[in-house]
Amino acid sequence: MSSVLAEADLADPSFWSAPPRQRLDAFASLRRRDAPVYFGAPGRGFHALVRHRDVVEASRHPEIFLSGPGVTTPRPPRWVRTVFGDSMVNLDDPRHARLRAVVAKAFTPRVVARIADDVTRIARDIVDDVLAQRPDDFVTAVASRLPFEVICTMMGIPEGYRREVLDQINHTTEHTGVRRRLRVPGKSLRALARLHRVVGRVARQRRREPVDDLISSLVTAEVDGTRLNSRELGSFFSLLLVAGVETTRNAIAHGLHLLTVNPAQRELLMSDFDKYGGGFVDEVVRFSSPIIQFRRTLSRDHELGGAPLRAGDDVVLFYTSANRDETVFARPDEFDIARRPNPQVGFGGGGPHFCLGTSLARQEITVLFRELLTRLPAIRSVGEPALVPSSFDNRVAHLRFTC
Ligand code: HEM
């Protein structure tokens, strides 16, 4: 497909509607260039970081590659940030470090260990329902249900609020096609405001009467004598719901399809789940890259991968391309759960913004697939996943399945 490659324009929305294979070929061609290529109008576009080492370098030098100006494209307008507060993905030190320290405190091993039982219970309930109801869309019946229920349970969102919260997530991540350059979660402001209100209501209750859940830990956690203010709290919860549910759901849906179209890998996984379960998760995340890209802005002039970058320039870290970098991964287009090592960057390239939910996502995916493959050993996807064209996430709208 080299004709497509030469003409690829990552800043053109229509690029993101092209079949996945064509886009991957375009990235392979960009990786062969001597230096990152600039896309978009001068001064308003971005340098595309497509090689593994460039993505890692930008991720690990947050003093040069800033998140503060905004990591999504288009950037959230300033007034949105003023009204709703900044989410931690869009902050730099010292504010990012302070917020992350508070939040990390609430993600203690105790919290995660307690969640292990909940994840197993929720996964069992989902499989019970599949057995009883025989639904045909895997995304609704299984993939989106698990991460949503887990996060709500972890946060302590009462059952009565959950329907409203789920509706808000669906609104904030609603697909708007590729009319805009990139699809951005959180663009539906009214939905976001309602989501903040639901969380605020629960947070106020927990401040009065803390219980053993994540919201209580966060409203009472202190770092250097400060607590999260309510805007920070609201932004963090929206981020958790949007970042934690969408990504994991897409990884799960891609996971079932990848096992279906790679029967030998499926057999290997089923032959010894304890041995291959961890490698399966890494390979699904590498192969599907649930988050396609995030953006950074240069704080000063800097040379990267042979390109002279200027202060104020934007770079886009294409995880989806770094994860297929042939200089790092042998046979990058093969799905191989026994790949060792597997330095995939689907959860980020390292550095201070590295995905906070990595262990939770790993746990959810492992527990769910163990349950599915044990109790529904014939489970398979049917046909191709219905993908939503997007330059932000590799989203599966629907996936038919049989068991
Ligand atoms: C397969 C599932 C997931 C994938 C592929 C994924 C991917 C990512 C990526 C690429 C980043 C940006 C990293 C960077 O800029 O260096 C990120 C950040 C983040 N993720 Fe995840 N994520 C997943 C699941 C989750 C879950 C389950 C949660 C929450 C419970 C979560 C919460 C976050 C948060 C809070 C951040 C921002 C961290 C910061 O800015 O300091 N993620 N994730």
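The values are calculated or read from the model by the stated rules, or taken from the named source; none is laboratory data. Please read all numbers here as calculations on a predicted model, not as lab measurements. Note that we place each Cβ from the backbone using ideal geometry, even for glycine, and neighbour counts take in every protein chain shown. The protein model used for the area step is the full one, side chains on, heavy atoms only, and it has no ligands, DNA or RNA in it. Shrake-Rupley method; radii C 1.70, N 1.55, O 1.52, S 1.80 Å.
Summary table
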{"read-out": "Candidates 205, 22, 363: whichever shows maximal mean-square fluctuation once the chain is modelled as a Gaussian network with Cα springs under 10 Å", "value": "205"}
{"read-out": "Considering only the chain, percent of DSSP beta bridges that pair antiparallel, nearest 5", "value": "85"}
{"read-out": "Where the chain is the region considered: accessible area per residue in Å², 1.4 Å probe", "value": "43"}
{"read-out": "Neighbourhood net charge (12 Å Cβ-Cβ; Lys/Arg +1, Asp/Glu -1) for residue 114", "value": "-2"}
{"read-out": "Candidates 159, 371, 326: whichever shows maximal mean-square fluctuation once the chain is modelled as a Gaussian network with Cα springs under 10 Å", "value": "159"}
{"read-out": "Debye equation applied to the C-alpha atoms of region 307-403, log10 I(q)/I(0) at 0.11, 0.19, 0.20 Å⁻¹", "value": "-0.51, -1.38, -1.45"}
{"read-out": "Two-decimal Rg/Rh across the chain, once Rg and the Kirkwood Rh are taken from alpha-carbon atoms", "value": "0.95"}
{"read-out": "Size descriptor, Kirkwood hydrodynamic radius, that averages inverse alpha-carbon separations across region 5-52, Å", "value": "11.2"}
{"read-out": "Sequence ranges 133-143, 48-58, 34-44, 230-240, ranked by mean other-Cβ count within 10 angstrom, highest first", "value": "48-58, 230-240, 133-143, 34-44"}
{"read-out": "FRET E, pair residue 117, residue 97, Förster distance 41 Å, beta-carbon r, rounded to 0.05", "value": "0.80"}
{"read-out": "Listed residues 357, 225, 346, most fluctuating in the chain (Gaussian network, C-alpha, under 10 Å)", "value": "225"}
{"read-out": "Difference of contour (0.36 nm per residue) and Cα-Cα distance, residue 137 to residue 271", "value": "45.6 nm"}
{"read-out": "Dipole of the chain, positive direction: furthest Cα of 297, 350, 315, with charges on the beta-carbon", "value": "297"}
{"read-out": "Sorted largest first, extent of region 196-271 alpha carbons per principal axis (Å)", "value": "54, 24, 23"}
{"read-out": "Area accessible to solvent at residue 222, 1.4 Å probe radius, in Å²", "value": "80"}
{"read-out": "Cβ-based charge dipole, the chain, positive-most Cα from 73, 277, 113", "value": "73"}
